[in-house]
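Only one structure is covered here, and it is reproduced in the block below.
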Amino acid sequence: MPSDHLTRRSLLQGSAAVAAAAPTLASAGAATARPTAKGETGMIPVELTVNGREVHLQLDPRTTLLDALREHLHLTGTKKGCDQGQCGACTVIVEGRRINSCLTLAVMHDGDTVTTIEGLGTADKLHPMQRAFITHDGYQCGYCTPGQICSAVAVLEEIAAGVPSHVTDDLDRVALSDRELRERMSGNICRCAAYPNIIAAMNEVAGEKKA
Amino acid sequence: MKPFTYSRATSVADAAKTAAAMQGARFIAGGTNLLDLMKLQIETPTHLIDVNHLGLDRIEPTPEGGLRIGALVRNTDLAADKTVRRDYGVLSRALLAGASGQLRNKATTAGNLLQRTRCPYFYDTNMPCNKRKPGSGCGAIGGISRSLAILGVSDACIAQHPSDMAVAMRLLDAQVETVGADGVARAIPIADFHTLPGDTPHIESALKNGEIITSVTLPKPIGGTHVYRKVRDRASYAFALVSVAAVFGKDGGGRFAFGGIGAKPWRTPAADAAASSGAKAVAEAALSGARTTYHNAFKKTLVERTLASLYRQKEARS
């Protein structure tokens, strides 16, 4: 245990307070200052362009990019799953590349451009990949979906750019196939096992691109 | 995470000097392993020096006909580099066999070399681990050790080195170029870069206090068929139980390096010398001195069978 002594009671009280505060935070919309953990050693200014919008934050250096997005910018589309780079639910696109936002510090991305699921499309104007996920039932519970979609969009770009994968037979001839898509999506786990439908959605978008 | 302060390095010399002067300082590049360990408080740096802006992200030819790979070149970019694909195929293959697309986009060449073991007892802070807490004992010896090392191990530690990339680097006789806190540059042969656990398993490399990796150089390309075969519990995104990096020459010769079985990326001259005698002879030579547990003894058989599979594949192609 860390040095802070938590009792069950104080933990429950704390959770209740968080639950009560949540609606206020969610409705605030804009970036707000968040209380920082004890022993914090100085805030650092961080400037990001998130989904086309410039944002200025003051962050504890421990803040992951994931927490900056969710807790400070209230972009809760990006999900926290394992928080250790295994599940891919936190996948976002930074400077044009998909990464695990849980395994990187926000301060390391000062000046960077970030695209989250909220930046790909909206309910009124879906990104083709979002539409294809709906058409092909590429999810059940939906928790992994934002990460799956960000990853899927980046995967098609990686294939188009000729980046090889573990299953590419000839490293110089990268081509689209179900096998390639499955391998490249292995960093995104779906507990509901919507995998075949995700591959179908990706194939549809890839086909549209070709046409 | 424990609190820490953060700065961006402005030059290699400045980074090395700062790291040596501040006790508890660590470099951060990709951060995919360091931050994971910081969340678990296995790593507890007091200061992070962000080295991402030092411009060490180029791949360029050396005057000797080899390749210099900047310390910050991302795993994705190294695997996809045209020269690497053409002349050092085994390196591309090893990189692509590791981690996930997201992690390869972030992970760097130097960071990959320095990634820490995936021994479950190292990760579980409720367990003894001489690597995590020197002198606390080893939970893995006598524990559940299926994934762990059988070569280069000691009575203090049987942790395996997790990298795929480093196995290919070992095969290719790479050199690790560094700058020390005193500003002096040196090149460390990859064979000497990772250290064996002995009775100091917490020491994992030849790097000195403050010393920073600037690049990794590869000698002239080695002709022949480059292969990397990784055997693991899942088809993708899992660490190796056994991996074999090999280059088969047209003359029947070959060279081999192994992952998943050693305390460091494993290579022996005897295995290379046995290349023309086939898989069994290579396996026997490579596994000389192996020390197995009840759970990981299967790795010896798996090494031989993985080699046999590579030999069959090579023969089918020729």
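Read-outs throughout are calculated quantities, based only on the coordinates presented, and are distinct from any laboratory measurement. Computed from a prediction, not measured in an experiment: that's the story for all the values here. No Cβ is skipped: glycine too gets one built from the backbone with ideal geometry, and neighbour counts run over all protein chains shown.
This ranking places A:Met129, A:Met43 by how few other beta-carbon atoms lie within 10 Å of each, fewest first, which gives A:Met43, A:Met129.
Projection of the Cα convex hull of chain B, averaged over all directions and equal to a quarter of that hull's surface, yields 15.7 nm².
Counting only lysines at least 8 places from A:Lys125 when in the same chain, those with an alpha carbon closer than 27 Å to its own are A:Lys79, A:Lys80, A:Lys209, A:Lys210. Each principal axis of the Cα cloud of the range A:101-210 was evaluated for its coordinate range; sorted largest first, these ranges are 38, 34, 28 Å.
Over the alpha-carbon set of the range B:108-193, divide Rg by the Kirkwood Rh and report the Rg/Rh ratio to two decimals. Over the Cα atoms of the range B:108-193, Rg/Rh equals 1.04. Kirkwood-type hydrodynamic radius, the range B:1-89: 14.8 Å, calculated from all non-identical alpha-carbon pairs. Just to be sure I understand the curve: with the Debye formula and one point per C-alpha of the protein assembly as shown, what is log10 I(q)/I(0) at q = 0.09, 0.11 Å⁻¹? The computed values of log10 I(q)/I(0) come out as -0.68, -1.03. Legend: mean number of C-beta atoms from other chains within 10 angstrom of residue C-beta atoms, peptide A:93-104, equals 5. Binning all Cα-Cα separations of the range A:45-85 at 5 Å, short to long from zero, yields these whole-percent fractions: 6, 20, 34, 23, 13, 4. Of all lysines in the structure, those lying under 27 Å Cα to Cα from B:Lys133, and not within fewer than 8 positions of it along the same chain, are A:Lys38, B:Lys2, B:Lys17, B:Lys39, B:Lys208, B:Lys264.
In straight-distance terms, cross-link reach from B:Lys220 covers every one of the aspartates and glutamates whose alpha-carbon lies under 17 Å from its own, apart from those fewer than eight places away in the same chain; here that gives B:Glu60, B:Glu64, B:Asp81, B:Asp87, B:Asp173, B:Glu177. Take the alpha carbon gyration tensor of the range B:140-283, find the square roots of its eigenvalues, order them as a ≥ b ≥ c, and report rounded if a/c is under 1.5; if not, report prolate when a/b exceeds b/c, else oblate. It comes out oblate by the Cα gyration axes.
Rounded, prolate or oblate: pick one for the range A:148-203, where a ≥ b ≥ c are the square roots of the eigenvalues of its C-alpha gyration tensor, a/c under 1.5 means rounded, and failing that, prolate if a/b is larger than b/c, else oblate.
On the way: a/c = 2.12, a/b = 1.81, b/c = 1.17.
Prolate, because a/c is 1.5 or more and a/b exceeds b/c.
Taking amide H positions as modeled 1.01 Å from N, with prolines and chain starts lacking one, the residues under 5 Å from B:Leu67 and 5 or more places away or on another chain are B:Thr62, B:Leu218. Ranking of B:Phe298, B:Phe239 by neighbouring Cβ atoms within 10 Å, starting from the fewest: B:Phe298, B:Phe239.
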